[in-house]
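I have placed the structure first, in the form of structure tokens, so that the comments after it can refer back to it.
The values are calculated or read from the model by the stated rules, or taken from the named source; none is laboratory data. In this text, all values refer to a predicted model and were calculated from it rather than measured experimentally. Positions of Cβ are backbone-derived with ideal geometry, glycine not excepted, and every protein chain shown enters the neighbour counts.
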Amino acid sequence: MARIVIVGAGLSGLRTAEELRRAGFDGEIVLAGGETHLPYDRPPLSKEVIRGDKDETTLRPAEFFTENKIDLKLGSPALSVNTAAKTVAFADGSELPYDELVIATGLTPRRISGLPDLSGVHVLRSIEEALALRADLAPGKRALIVGAGFIGCELASSMKSHGVEVTLLEPQPTPLASVLGTTVGALVERLHRAEGIDVRVGVGLKTLSGDGAVDTAVLADGSEIAVDVVAIGVGSLPVTDWLVDSGIELDNGVLCDAVGRTSADHVWAVGDVAAWTIGERRKRVEHWSNAGDQAKVLAGALTGTGDPNAAAQVPYFWSDQYDVKIQALGTVAPTDQVHIIKDDGKKFVAYYERDGVLAAVVGCGSAGAVMKMRMKIAAGTPIADVLESTPA
């Protein structure tokens, strides 16, 4: 009986196992992860968990895996893969043979080198790290968030709910500049300032200091901030170190074709770690909904049950900040030309133009205006036609 080994027991690994069963695969599935927890959801860590609304984010109960005959191998990360022998070696000394291998190891947070080892400094990736950060929050404490990407912006919102004084630090010109561009980034910055966040852009962190516990942050411009808690969110890297000597082609992730096949026979990749072929380029898409979309395509290709002519999914992601949801539909690039269609001082809608067509829509507190553009984005509608049909 065929065995599929999925390395990475997060959202994309779980979704792949589920989709393989839906596609009719009745062989053995092993879902292997380095953490001891059942697969859990990571986006709520910076929101509901930090706010105190949840203590855990498990995606499926233990009985789900028994009922669906999915074998769990938890608590031991993969160390290497031998594609010739078709085996995966794990840190506990075990080795698993496979007929098909799916790489779903996701991301690991970037670290800032050279910082002293002080209590009160956190990097958010696991449920344990989220709970430890939450435990450090209390009214009147002074928190510094290094990095104003989605994680940093969500943390600012969540930490503010504890009555914490928050400083949000970003070396780029605006929050989310590398993702949404500076035009929309400035609108996100306005949102945070209106909520009382001390947003400092154009300057980075130099170092931290304190006697055992952090008490001071020194910025790149020489200024100092008194702090009690520091959260570092400066991006993530694909977890591919265990694949370096495997012969599997890597380049800022695992390189794949349009359905998840890698350069090695019988090896696939899915989720944040996977750079799938999209149009003329290979690109990693680090969004929650992408994990499920890719898992369905991969499972269909692996089992031969998929539709080769299925239309490509329009990428979608969102971020909850304060009492609004920021949503993006389509492929957003910071170099796109941006058209602000609506802006009432808080809520906004922006169209992104690339090569004369509508590439994406980003909205804040404007779900209907964003989601209704899905078909026009998928069709590559000329931006002139979109603007002409948009009410003033």
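Which count do you get for residues in the range 265-280 that are closer than 13 Å to I6 by Cα and either among the aromatic types (F, W, Y) or not assigned by TED's automatic domain parsing to the domain that holds D293 (or both)?
Result for the range 265-280: 1.
In the range 297-314, what residues are over 23 Å from N252 (Cα atoms) and part of a helix (DSSP H, G or I)? Even if it seems obvious, please write down each step before you answer.
Let us first name the residues in the range 297-314 that are over 23 Å from N252 (Cα atoms), namely 299-311.
Once the filter is applied, which keeps residues that are over 23 Å from N252 (Cα atoms) and part of a helix (DSSP H, G or I), the range 297-314 yields A299, G300, A301, L302, T303.
With respect to A291, determine if the residue is under 23 Å from G235 (Cα atoms) and assigned to a helix (DSSP H, G or I). Outline the logic, then answer.
Values: under 23 Å from G235 (Cα atoms): yes; assigned to a helix (DSSP H, G or I): yes.
Spelling it out, A291 is indeed under 23 Å from G235 (Cα atoms) and assigned to a helix (DSSP H, G or I).
Would you confirm whether or not the range 76-98 contains a residue that is polar (S, T, N, Q) and either over 30 Å from E249 (Cα atoms) or under 22 Å from the mean Cα position of the chain (by Cα) (or both)?
The answer is no, given that none of the residues of the range 76-98 is polar (S, T, N, Q) and either over 30 Å from E249 (Cα atoms) or under 22 Å from the mean Cα position of the chain (by Cα) (or both).
Of the residues that sit in the range 65-114 and are surrounded by fewer than 15 Cβ atoms within 10 Å (Cβ to Cβ) and of a type in the set (D, E, K, R), which one is nearest to E35 (Cα to Cα)?
The extreme case among them is D92.
With the condition kept exactly as written, say whether any residue in the range 225-236 is surrounded by fewer than 19 Cβ atoms within 10 Å (Cβ to Cβ), on the phi > 0 side of the Ramachandran plot and touching a strand residue (DSSP E or B) at 6+ places or on another chain (Cβ under 7 Å).
No.
Here's the yes/no breakdown for (1) in contact with a strand residue (DSSP E or B) (Cβ under 8 Å, 6 or more places away or on another chain); (2) touching a residue at least 24 places away in the same chain (Cβ under 8 Å); (3) in the same structural domain as R125 (by TED's automatic domain parsing):
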| residue | (1), (2), (3) |
| --- | --- |
| V184 | yes, yes, yes |
| A194 | no, yes, yes |
| I197 | yes, yes, yes |
| G204 | yes, yes, yes |
| N252 | yes, yes, no |
| L255 | yes, yes, no |
| R284 | yes, yes, no |
| A295 | no, yes, no |
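Is there a residue in the range 105-128 that is touching a helix residue (DSSP H, G or I) at 6+ places or on another chain (Cβ under 8 Å), among the charged types (D, E, K, R) and at pLDDT 95 or above?
No, because not a single residue in the range 105-128 is touching a helix residue (DSSP H, G or I) at 6+ places or on another chain (Cβ under 8 Å), among the charged types (D, E, K, R) and at pLDDT 95 or above.
Where in the range 315-392 are there strands (runs of 3 or more DSSP E), lying wholly inside it, with at least 2 residues that are under 25 Å from P44 (Cβ atoms)?
Working: elements: 316-321, 324-330, 337-343, 348-354, 357-364.
Hits in the range 315-392: 316-321, 324-330, 357-364.
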